[in-house]
1. Among the residues of segment 171-180 satisfying the criterion of being without any contact (Cβ under 8 Å) to a residue 60 or more places away in the chain and in a strand (DSSP E or B), which is surrounded by the most Cβ atoms within 10 Å (Cβ to Cβ)?
2. So Lys159 ticks every box in (1) at pLDDT 85 or above; (2) crowded, with 18+ Cβ neighbours inside 10 Å; (3) at negative phi; (4) part of a loop (DSSP other than H, G, I, E, B) but one. Which box is left unticked?
3. Of the residues in segment 181-224, how many are part of a loop (DSSP other than H, G, I, E, B) and among the polar types (S, T, N, Q)?
4. Looking only at segment 18-49, filter to residues that are over 30 Å from Asp144 (Cβ atoms) and among the hydroxyl-bearing types (Ser, Thr, Tyr); which one of those is surrounded by the fewest Cβ atoms within 10 Å (Cβ to Cβ)?
5. Just to be sure, is Thr52 touching a Leu at 6+ places or on another chain (Cβ under 6 Å), in contact (Cβ under 8 Å) with a residue 60 or more places away in the chain, closer than 20 Å to Phe269 by Cα and surrounded by 14 or more Cβ atoms within 10 Å (Cβ to Cβ)?
6. Can you name the number of the only condition in (1) under 19 Å from the mean Cα position of the chain (by Cα); (2) farther than 20 Å from Ser37 by Cβ; (3) at pLDDT below 90 that Thr225 fails?
7. How many residues does segment 249-280 hold that are in contact with a strand residue (DSSP E or B) (Cβ under 8 Å, 6 or more places away or on another chain) and either modelled with pLDDT under 65 or under 21 Å from Ile60 (Cβ atoms) (or both)?
8. Give the residues of segment 263-283 that are farther than 27 Å from Thr196 by Cβ and surrounded by fewer than 19 Cβ atoms within 10 Å (Cβ to Cβ), sorted by residue number.
Amino acid sequence: MRLFAALILSLVAVGARAQELTAADIMSRVAANQDRSEAARTHYVYVQHARTLSRKGKTIHCEEVTDIRIIPTDKGSEQKLLTLDGRLLYKGKYLHYTHPPSSNVPMEAGASTPDQAKDPASPGVQGKDNEEPAIGDDDPMDLDLVENMRDNLTANRSKDGIGAGLFPLTTKVQAEYAYTLVGRGAMDGRDCYHVTFVPRDKDDFGWKGDAWIDTKAFEPVLVHTRMSRNIPFAVRTLLGTSVPGLGFTVTYAPEPTDSPDAIWFPVTFGTEFNLHVLFFFNRAIVLDVRNRDFEQTHVHSTIRDAATGP
């Protein structure tokens with residue numbers, strides 16, 4: 001009985017100590033783990049599946065679905081395009097393409113109309129139009145917009161397949177943010193701390209948001225960000241520029257999932273926001289990214305003596 005009572009008291013003490021953790025304690029452990037994970041991710045390659053589109057109302061003006069192999073490096077990552085399936089609304093019809101715009105490969109002229117393709121899953125109908133418009137400087141802004149958004153929000157100086165600096169988790173970035181422990185609860189089947197964050201400098205145009213942190217691994221499970229401040233009224237008035245709803249959501253998971261020494265990776269990343277530029281250009285931007293097929297790289301070396309030769 002005494003042994004049982006002692007066990008109960010020890011468990012209560014452990015639980016009490018866990019509850020005493022502050023947001024600073026939690027996030028310092030997260031930062032240390034993120035720093036290690038970021039270094040370890042350079043030893044993995046994976047495939048990033050992304051769907052990016054520009055839309056006005058229900059009409060999609062440009063959409064690209066890509067598979068890209070991500071090869072992390074010490075300073076960022078290299079990207080190898082595996083597949084590209086794109087369509088661009090041009091003179092009332094969708095032009096289909098499977099090569100990057102910079103390749104100047106002609107697009108296929110299809111007969112699918114915006115009304116036929118309001119459903120993003122709709123493949124459209126190929127027509128008999130013999131025109132083959134080239135991808136050039138005169139194409140609509142939506143093509144460049146989709147390409148640039150995907151590149152800047154995923155490949156930009158990142159090992160993780162998401163834009164660098166969007167999520168304040170590493171030691172370097174955490175110094176610029178203030179964190180508050182809100183509570184504790186389940187997220188994606190894991191026991192998590194719920195932490196909110198805002199820029200320490202209230203005048204900074206950074207991110208604010210919520211992070212759910214695994215209570216055992218001290219790794220992020222889900223992070224959601226949004227702009228900490230709106231674009232100043234004077235800028236919106238003079239330049240006609242606004243990005244209402246700008247924010248990002250990312251989920252993390254260990255790879256491989258059944259290993260105690262697993263490396264945590266961002267596995268999904270998404271955003272949907274409006275873009276208003278120069279009073280006349282209004283679009284909704286959608287980005288949905290999924291990282292998969294993680295594979296650890298291996299280096300094989302052979303030692304040969306002088307007699308054996310190369």
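1. Keep residues of segment 171-180 that are without any contact (Cβ under 8 Å) to a residue 60 or more places away in the chain, which gives 172-173, 175-178.
Right, trim to in a strand (DSSP E or B) and you get 177-178.
Working: Tyr177: 20, Ala178: 16.
Per the criteria, the residue is Tyr177.
2. Lys159 satisfies all of (1) at pLDDT 85 or above; (2) crowded, with 18+ Cβ neighbours inside 10 Å; (3) at negative phi; (4) part of a loop (DSSP other than H, G, I, E, B) except (1).
3. Start the filter on segment 181-224 by keeping residues that are part of a loop (DSSP other than H, G, I, E, B), which leaves 188-189, 200-206, 215-219.
Those left that are additionally among the polar types (S, T, N, Q): 215.
Residues flagged as part of a loop (DSSP other than H, G, I, E, B) and among the polar types (S, T, N, Q) within segment 181-224 amount to 1.
4. Checking each candidate, the answer is Thr22.
5. Details: touching a Leu at 6+ places or on another chain (Cβ under 6 Å): yes; in contact (Cβ under 8 Å) with a residue 60 or more places away in the chain: yes; closer than 20 Å to Phe269 by Cα: yes; surrounded by 14 or more Cβ atoms within 10 Å (Cβ to Cβ): yes.
The answer is yes for Thr52.
6. (2)
7. Initial filter on segment 249-280 (in contact with a strand residue (DSSP E or B) (Cβ under 8 Å, 6 or more places away or on another chain)): 249-256, 262-276.
Filter again for either modelled with pLDDT under 65 or under 21 Å from Ile60 (Cβ atoms) (or both), leaving 269-276.
The number of residues fulfilling the criteria is 8.
8. Step one: of segment 263-283, the residues farther than 27 Å from Thr196 by Cβ are 276-283.
If the condition is that a residue be farther than 27 Å from Thr196 by Cβ and surrounded by fewer than 19 Cβ atoms within 10 Å (Cβ to Cβ), then His276, Val277, Leu278, Phe279, Phe280, Phe281, Asn282 are the ones that fit.
The values are calculated or read from the model by the stated rules, or taken from the named source; none is laboratory data. From a predicted model like this one, the values you see are computed outputs, not experimental measurements. Positions of Cβ are generated from backbone atoms using ideal geometry, with glycine treated the same way; all protein chains shown enter the neighbour counts.
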